């Protein structure tokens, strides 16, 4: 049986009935319009993510951007990139935003504009990876705010990993409420489940 990715979240699904939308997206359609990703969350690439995110191994952002570039180039070139923001408290603790490190290299490699300071993490939340799936949506509800009036109609929201898609959906929801029309996620890795 062929394996395909959900047209919204890119979750691998067995396509036995010509379905192109996973059961989770059918029951609760995300606010984003689609995902491009370089691969599935598994070693060795998952180790790069952990090194970048928690061990200040910023060099991994280059390799990650290299692998993600062909996927981003499938999207219209005029769509700018925006990094998934961190809350200022988490940014202060970590010292950098891994999604921004990835985004700035992707912007150079793809020749795209990087939009900065438009989206902010307005609410400090628990790390999604520490929560059960059922609590993730509530954790990020109203966590994002948009600053400014000049909202691009189409955007590519960049992050390192997509698990359930709740964080990306919450950020896309805030951007759409502010006037964006189409939001695609560009994530380096996507979990299988």
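One line per residue, one yes/no per condition, for (1) closer than 26 Å to residue 106 by Cα; (2) at pLDDT 90 or above:
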| position | (1), (2) |
| --- | --- |
| 5 | yes, no |
| 10 | yes, no |
| 16 | no, no |
| 19 | no, no |
| 32 | yes, yes |
| 36 | yes, yes |
| 45 | yes, yes |
| 52 | yes, yes |
| 59 | yes, yes |
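Taking the condition crowded, with 20+ Cβ neighbours inside 10 Å and either in contact with a helix residue (DSSP H, G or I) (Cβ under 6 Å, 6 or more places away or on another chain) or outside any strand (DSSP E or B) (or both), does residue 37 pass? Answer is no for this residue. Note on the range 74-86: residues that are over 16 Å from the mean Cα position of the chain (by Cα) and under 16 Å from residue 105 (Cα atoms) total 1. Listed by first and then second residue, the pairs linking a residue in the range 88-101 that is at positive phi and touching a residue at least 24 places away in the same chain (Cβ under 8 Å) to a residue that is assigned to a helix (DSSP H, G or I) and exposed (fewer than 13 other Cβ atoms within 10 Å of the Cβ), with Cβ atoms under 8 Å apart and 6 or more places separating them unless they lie on different chains, form an empty list. Among the residues of the range 161-183, those identified as assigned to a strand (DSSP E or B) and at pLDDT below 95 are 161, 162. Considering (1) outside any loop (DSSP other than H, G, I, E, B); (2) surrounded by fewer than 14 Cβ atoms within 10 Å (Cβ to Cβ), the lone condition that residue 77 does not fulfil carries the number (1).
It is to be established whether one or more residues within the range 134-145 are modelled with pLDDT under 95, surrounded by fewer than 19 Cβ atoms within 10 Å (Cβ to Cβ) and part of a loop (DSSP other than H, G, I, E, B). Yes: the range 134-145 contains one or more residues that are modelled with pLDDT under 95, surrounded by fewer than 19 Cβ atoms within 10 Å (Cβ to Cβ) and part of a loop (DSSP other than H, G, I, E, B).
The values are calculated or read from the model by the stated rules, or taken from the named source; none is laboratory data. Just so we're clear, the structure is a prediction, and the values are computed from it rather than from any experiment. No Cβ is skipped: glycine too gets one built from the backbone with ideal geometry, and neighbour counts run over all protein chains shown.
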